[in-house]
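The values are calculated or read from the model by the stated rules, or taken from the named source; none is laboratory data. Fair warning: this is a prediction, and the values are worked out from it, not measured in the lab. Cβ sites come from the backbone with ideal geometry, for glycine too, and all protein chains shown count toward neighbours.
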Amino acid sequence: MVALREGDAAMSKADESSTEASGVRWRKSRHSNPHGECLELAGFSDGQVGVRNSRHPDGEVLVFTRAEMVAFLRGAKDGEFDHLLE
């Protein structure tokens with residue numbers, strides 16, 4: 001996982017192209033609340049997945065590899081993180 005902010009001097013050219021907002025479709029869950037307290041995800045052309053706070057669309061983007069996101073989603077679907085919401 002990499003935390004990036006667009007325009008960050010530490011970003012490489014490859015990172016810049018994978019996190020550009022233009023042409024990227026950000027999506028949030030249909031279960032999101034109406035107060036905007038949710039995460040948005042986007043798939044980048046290089047196969048990585050970006051995650052950002054919907055209240056701060058110009059803020060940091062956490063970038064995960066496809067394998068990292070697959071492992072997380074499988075764990076979430078299996079209930080491995082349910083204890084965090086109890």
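Within segment 61-86, take every residue that is acidic (Asp, Glu) and either without any contact (Cβ under 8 Å) to a residue 24 or more places away in the chain or closer than 16 Å to residue 28 by Cα (or both) and give me the one that is surrounded by the fewest Cβ atoms within 10 Å (Cβ to Cβ). By that ranking, first place goes to 86. Being part of a strand (DSSP E or B) and among the charged types (D, E, K, R) is the filter; apply it to segment 30-60 and report the residue that is surrounded by the most Cβ atoms within 10 Å (Cβ to Cβ). This residue is 52. Being at pLDDT below 95, over 18 Å from residue 23 (Cα atoms) and out of contact with any strand residue (DSSP E or B) (no Cβ under 6 Å at 6 or more places or on another chain) is a property that does not hold for residue 74.
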